[in-house]
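Inspection log for the structure reproduced underneath, given as structure tokens.
The values are calculated or read from the model by the stated rules, or taken from the named source; none is laboratory data. Remember, it's a predicted structure, so these values are computed and weren't measured experimentally. Neighbour counts run over all protein chains shown; Cβ positions are idealised from the backbone, glycine included. The accessibility values were calculated without ligands, DNA or RNA, using every heavy atom of the protein model including side chains. Shrake-Rupley method; radii C 1.70, N 1.55, O 1.52, S 1.80 Å.
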Amino acid sequence: MERILVVEYQHDDACLLIATNFRAMLLSDKLFSFSKVQVRDFFYDKITGVEWAPGIFRHRITIRIGRKKEECYGLWRDGTYPARKMAEHLSSKLKGGAASIAKDAKTAKLHAIEDISKSLSLFGCKAELKELPEVLEADEIPENMLSVEYDDRHGLQVSGAMNRHGLLVSTNRQMMFIHKHLGAKREVHQFPYSTIDHVECSKGLFMGELKVYANGLEEIFKADNWAVESFAQYLTHKIG
């Protein structure tokens, strides 16, 4: 067994969608039924396509076998991430390869943001994550993120406070810092890689400092020791 997902299938019956090394299976056990567990097999060599589509309450996974199709739905409370990852995993087992998932730039951004935020601890940056899709350019994709405190000693701040918490983002084009003020005001500082000379990091007892030398100025961001070191290595690679 390689991946498992709780889904709804036919008449809202909850069941398990399981991916193994050579087939996908739907296992269901109807409530108040004395029958054995029902199994529906989908062998990878018979599947002609896998599709995934997000929804407000449920996220549809469609498995196509010739002209026939089977649909199941990831539970809304689990979010889009598990259902999409299951669709991508199933598709990787097929001869064709990739899942039939929307490939437009907006969807690619949302997927990248979701994947990174799931894998990293971005405590206190919920508002900034919501702002991020609007800040990014049309073909700009986020690659790394860090929850930081920005030491704005150069007076670039909008709020009047020198230190404030926000989201530090590294994309395929640049580094940027995003801070969402109370109300509707959004603060964004952009640092294209061509303007960054070099990067340094130092560790403290609990918090570390990321120093970014850009446009002749020293920008300081504070975060967890391990996170600062990891982000500094990534950023050094981008500007190298």
message: Can you confirm whether LEU210 is open to solvent by less than 10 Å² (accessible area, probe 1.4 Å), assigned to a helix (DSSP H, G or I) and touching a residue at least 24 places away in the same chain (Cβ under 8 Å)?
response: no
message: Tell me whether region 159-182 contains one or more residues that are touching a helix residue (DSSP H, G or I) at 6+ places or on another chain (Cβ under 7 Å) and among the small types (Gly, Ala, Ser).
response: yes
- prompt: Which one of these does GLU218 not meet: (1) open to solvent by 70 Å² or more (accessible area, probe 1.4 Å); (2) part of a strand (DSSP E or B)?
  reply: (1)
query: Within region 221-240, how many residues are part of a strand (DSSP E or B), open to solvent by less than 70 Å² (accessible area, probe 1.4 Å) and not hydrophobic (A, V, I, L, M, F, W, C)?
result: 1
Lone unmet requirement of (1) among the polar types (S, T, N, Q); (2) modelled with pLDDT under 85; (3) assigned to a helix (DSSP H, G or I) for SER159: (3)
- request: Please verify whether region 166-181 includes one or more residues that are over 17 Å from GLU143 (Cβ atoms), surrounded by 15 or more Cβ atoms within 10 Å (Cβ to Cβ) and more than 26 Å from the chain's Cα centre (by Cα).
  value: no
task: Filter region 199-226 for residues that are under 15 Å from TYR150 (Cβ atoms) and at pLDDT below 85 and give the result.
output: none
- request: Only helices (runs of 4 or more DSSP H) wholly contained in region 79-137 count here; list those with 2 or more residues that are modelled with pLDDT under 75 and not small (Gly, Ala, Ser).
  value: 80-92, 105-119
